[in-house]
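In what follows, a single structure is set out as structure tokens and then discussed.
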Amino acid sequence: MNIIKIPRDRVGCLIGAHGSTRMELERESGIRLEIDTEGEVVIHDEMSKDPLKTLKLIEVIKAVGRGFSPERAWRLFQDDEYMEIIDIREYTGKKVNQVSRVRARLIGTGGKTRALIEDLTGANLSIYGSSVSIIGNSIQLPVARHAVDLLLRGSEHATVYRYLERQRPYLRITEMGFDL
């Protein structure tokens, strides 16, 4: 049995309409979930024959707790899909106005920067609270991580966009299944 805490405001997303998301997670993993309104998720994996399913389920629950939609978090059930969580406060300190400023830089005007990182890398980003979470495969994740790191360190948006454009051929080649 494992216990995970997620933010209260994300509980509804994890449960879904009429429990649909919770039931789908249980069906996919074969593991029973118990979710309370305070954000505590109990994973009853005693009968599970596959410990890897439990680990993947934990990652999916964490992803939903970090702001991803269940559909995007579902990627983590696949092999070679990973999530990385970056704490913005490591770059800005604990000042709330600095965290807000950097979050705004990551999102961009009308969500442009976030959408561009997602489109060019194929990874998914979630900016929630004082963290940035990235879901991607072993090729997408490092590229998206570096782009986010550049923005967090204060690089200009144009610099980050150029970096992503330079990485685009590399990402396309690996998408086709060729190894470099």
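Kirkwood analysis of the Cα pair distances in segment 2-69 returns a hydrodynamic radius of 11.8 Å.
Along segment 10-25 the Karplus relation, 6.51 cos²θ - 1.76 cosθ + 1.60 evaluated at θ = phi - 60°, assigns HN-Hα couplings of 9, 4, x, 5, 5, 6, x, 5, 6, x, 5, 5, 4, 5, 5, 4 Hz to successive residues, with x for each Gly and Pro. Estimated at 0.36 nm per residue, the fully extended path between Ala158 and Gln98 surpasses their Cα-Cα distance by 19.5 nm. Within segment 34-75, whose backbone N sits under 17 Å from a point 7 Å along Cα→Cβ of Ile107? The answer is 66-69. For Lys49, the lysines whose Cα falls under 25 Å of its own Cα, not counting residues fewer than eight places away in the same chain, are Lys5, Lys62. Per-residue extension of 0.36 nm, minus the Cα-Cα distance of Glu84 and His146, leaves a gain of 21.1 nm for this segment. Couplings 3J(HN,Hα) of segment 94-105, computed from phi: 9, 5, 4, 5, 5, 4, 4, 4, 5, 4, 5, 4 Hz, in residue order, whole Hz [Karplus 6.51 cos²θ - 1.76 cosθ + 1.60, θ = phi - 60°; x for Gly and Pro].
Note: relative contact order over segment 101-180, using C-alpha pairs below 8 Å and six or more positions apart, is 26 percent. Principal axis analysis of the Cα atoms in the chain yields extents of 50, 45, 26 Å, listed in decreasing size. Take the Cα of Ile173, go 7 Å toward its beta carbon, and the backbone nitrogen atoms of segment 113-130 under 19 Å from that spot belong to 120-122.
Distance between the C-alpha centres of segment 109-180 and segment 32-85: 23 Å, rounded to the whole angstrom.
Taken together, the values in this text are just the output of simple stated rules run on the coordinates, not laboratory data. In this text the structure is predicted, and so the values were computed from the model without any measurement. All Cβ positions, even for glycine, are placed from backbone atoms using ideal geometry, and neighbour counts span all protein chains on display.
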